[in-house]
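This report refers to the structure that appears directly beneath it.
Here, each number is a calculation from the coordinates, and none is a lab measurement. For clarity, every value in this text was computed on a predicted model and none was experimentally measured. Cβ atoms come from the backbone with ideal geometry, glycine included; neighbour counts cover every protein chain shown.
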Amino acid sequence: MTNLLDIQQVAERTGLSAGRIRTLRTNAEIAKHGHHPLFSLGFKVGTGVNSRLRWRECDVDEFLGRLQAAAAGS
């Protein structure tokens, strides 16, 4: 089974605030390069407007791994 992370856990792992993640998730213009490759993968659990956002842990780990690899290569 895939582990799911909430927005606070993603914020802790990325070093960004939950508010900034929400902005980058939904606003491609602010993201400047289209939808964010990680934050746009967030999904709501439930059907309500206030349903909580979740991310698959493997998606977060993969994204952070790519960032680390890119930083090591530069």
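What 222 nm value per residue comes from the helices of the chain, counting each DSSP H run with n ≥ 4 as -39,500 (n - 2.57) and dividing by all residues, nearest 500 deg cm²/dmol?
-15000 deg cm²/dmol
Among LEU24, ALA71, GLN8, whose Cα projects farthest towards the positive end of the dipole of the range 4-73, with charges put on the beta-carbon of Lys, Arg (+1) and Asp, Glu (-1)?
LEU24
Could you please tell me the mean projected area of the C-alpha convex hull for the chain, averaged over all directions and given in square nanometres to one decimal?
Details: hull surface 22.8 nm².
Seen from a random direction, the Cα hull of the chain projects 5.7 nm² on average.
Picking from ARG25, ARG54, ARG13, which is most flexible by a Gaussian network model of the chain using Cα springs under 10 Å?
Looking only at ARG25, ARG54, ARG13, the biggest GNM fluctuation is shown by ARG13.
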